[in-house]
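Participant: Quick one: the structure is below, questions incoming.
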Amino acid sequence: MKYRILLVFIAATTMFLLSCQKPENYPQSLLIYPGAFTPNDDGLDDYWGPEGGLKPDVDSSVAWISGINLDTYELRIRNKNGRPLFYSEDINTPWDGTYRGDTCADSFYYYLVMYESLEGVKYRDEGVFELIR
């Protein structure tokens, strides 16, 4: 059995990802994730999620990066204590930095994104990003 190891060191507002090994049974991600966002309503980086979205001229069953089956997409966000804060099955519904209507604090948050390709290949992307106010 293969194990995934993630060792994170957080000091003040700096986080160092020391070691992370992607499980061998999941291929390299088709999506790109920002390392931070600033939900302050200035129109720049106010939401967090995979960068991109649907192209206006394509069928809604194919994501902005070709080959993703949108019916299988799931985004989960948790705080550093493991509390679930956000869940979406729509690639075009990113997180706004709130939990039940309240703004979340500056901190590091964990994401898990699962989806399949149109060929049925399963993807599991996970990592850490920072919320900056």
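Participant: Would you check if there is a residue in the range 67-80 being at pLDDT 95 or above, surrounded by 15 or more Cβ atoms within 10 Å (Cβ to Cβ), among the aliphatic types (A, V, I, L, M) and under 13 Å from TYR33 (Cβ atoms)?
Facilitator: yes
Participant: Being among the hydroxyl-bearing types (Ser, Thr, Tyr), in a strand (DSSP E or B) and closer than 24 Å to GLY43 by Cα is the requirement here; does TYR73 meet it?
Facilitator: no
Participant: Can you pull out every residue in the range 112-133 that is over 18 Å from PRO27 (Cβ atoms) and buried (at least 17 other Cβ atoms within 10 Å of the Cβ)?
Facilitator: VAL128, PHE129, GLU130, LEU131
Participant: Something else now. Within the range 81-92, can you find the residues that are surrounded by 15 or more Cβ atoms within 10 Å (Cβ to Cβ) and either polar (S, T, N, Q) or without any contact (Cβ under 8 Å) to a residue 24 or more places away in the chain (or both)?
Facilitator: Once the filter is applied, which keeps residues that are surrounded by 15 or more Cβ atoms within 10 Å (Cβ to Cβ) and either polar (S, T, N, Q) or without any contact (Cβ under 8 Å) to a residue 24 or more places away in the chain (or both), the range 81-92 yields PHE86, SER88, ASN92.
Participant: Can you pull out the residues in the range 92-133 that are of a type in the set (Val, Ile, Thr) and either modelled with pLDDT of 95 or more or over 17 Å from THR38 (Cα atoms) (or both)?
Facilitator: Of everything in the range 92-133, those that are of a type in the set (Val, Ile, Thr) and either modelled with pLDDT of 95 or more or over 17 Å from THR38 (Cα atoms) (or both) turn out to be THR98, THR103, VAL113, VAL121, VAL128, ILE132.
Participant: Could you tell me which residue of the range 95-106 is nearest to GLU130 (Cα to Cα), considering only residues that are touching a Pro at 6+ places or on another chain (Cβ under 8 Å) and either without any contact (Cβ under 8 Å) to a residue 60 or more places away in the chain or part of a loop (DSSP other than H, G, I, E, B) (or both)? Break it down stepwise before answering.
Facilitator: If we filter the range 95-106 for residues that are touching a Pro at 6+ places or on another chain (Cβ under 8 Å), which is where we start, we get 96-98, 103.
Narrowing further to those that are either without any contact (Cβ under 8 Å) to a residue 60 or more places away in the chain or part of a loop (DSSP other than H, G, I, E, B) (or both): 96-98.
Details: ASP96: 13, GLY97: 10, THR98: 14 Å.
Selected residue: GLY97.
The values are calculated or read from the model by the stated rules, or taken from the named source; none is laboratory data. Everything numeric here is computed off the predicted structure, so don't read it as measured data. Glycine gets a Cβ as well: all are built from the backbone with ideal geometry, and neighbour counts include every protein chain shown.
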